[in-house]
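Written below as C-alpha cells is the structure these notes are about.
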Amino acid sequence: MSVEVHRERICANVRFRPMTLADVPAVVGVERASYQFPWSEGVFRDCVRVGYLCRVVEWEGAVSGYAIMSFGAGEAHLLNICIAEDLRGCGVGRKLMDYLLERARRTGTQDVFLEVRPSNTVAIRLYEMLGFKRVGIRRGYYQASFGREDALVYKLELAPPAAGPKLP
C-alpha cells in the first residue's frame, strides 16, 4: 500500500466525538506520550465538566487524539490539541482543525485564539495555512526543560458560517 493511500485511509476512517470522563485516561495517555510537561488528568476532567468543546479523535476503536476549545464573548480559544504520534503527518490534525473551526463558525464566534510554542514548527505551519495570524507573544508561558518557553499567540478572524448539516 502506498503512503498516500495509507494516509487517505486513515483520514477517511477517523471520527470525532464528544470526550467523556471515561475517555480521560486514554486522552492523558496521548498527552503524556506527546509532551514533556503534560496536562494533568484533573485538568482534562475539569474541561469536560465545565462544558468546553472537548472532542476525541477515534481511529480503529482507540482514542488517537483530542482537542479542547472554550467559547465566550464572541471568541473561541483553542486550549489543547494533540494527535497521537502514529497518526501524525496523515492530515488528521488538519481535519480536526477544520472541524473545530466549523463548530466555532456555527456558534457565531468571530475570532479564534491559540498559543503555540515557537519550537512547534509543524503546528505553526498548519495554523498559518489555515489563516491564523501571529498577534503577540506571552513571555515564559510554557514550562520547558531549560526553564520557560514563550508562547506565540495566533488569531483567526472567522467568516460567517456556511449553510450545511448540523455538526455533533
Considering only segment 102-124, I want to know if a residue exists there that is farther than 15 Å from L156 by Cβ and aliphatic (A, V, I, L, M). yes
In segment 10-31, which residue that is farther than 22 Å from V50 by Cβ and loosely packed, with under 14 Cβ neighbours inside 10 Å is modelled with the lowest pLDDT? A12
Which ones in segment 72-86 are more than 18 Å from V153 (Cα to Cα) and touching a strand residue (DSSP E or B) at 6+ places or on another chain (Cβ under 7 Å)? I83, A84
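Only one of R148, R134, R138 is over 22 Å from C54 (Cβ atoms), at pLDDT below 95 and in contact with a strand residue (DSSP E or B) (Cβ under 7 Å, 6 or more places away or on another chain). Can you tell me which?
Details: R134 fails: at pLDDT below 95; R138 fails: at pLDDT below 95.
Sole residue among the options that is over 22 Å from C54 (Cβ atoms), at pLDDT below 95 and in contact with a strand residue (DSSP E or B) (Cβ under 7 Å, 6 or more places away or on another chain): R148.
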The one condition Q110 fails out of (1) surrounded by 17 or more Cβ atoms within 10 Å (Cβ to Cβ); (2) over 14 Å from the mean Cα position of the chain (by Cα); (3) of a type outside the set (A, V, I, L, M) is (1)
Candidate set: segment 106-120, residues that are in a loop (DSSP other than H, G, I, E, B) and in contact (Cβ under 8 Å) with a residue 24 or more places away in the chain; chosen: the one farthest from G74 (Cα to Cα): S119
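The values are calculated or read from the model by the stated rules, or taken from the named source; none is laboratory data. What you see is a predicted model; the values in this text were computed from it and never measured. Virtual Cβ from ideal backbone geometry, glycine too; neighbours counted across all protein chains shown.
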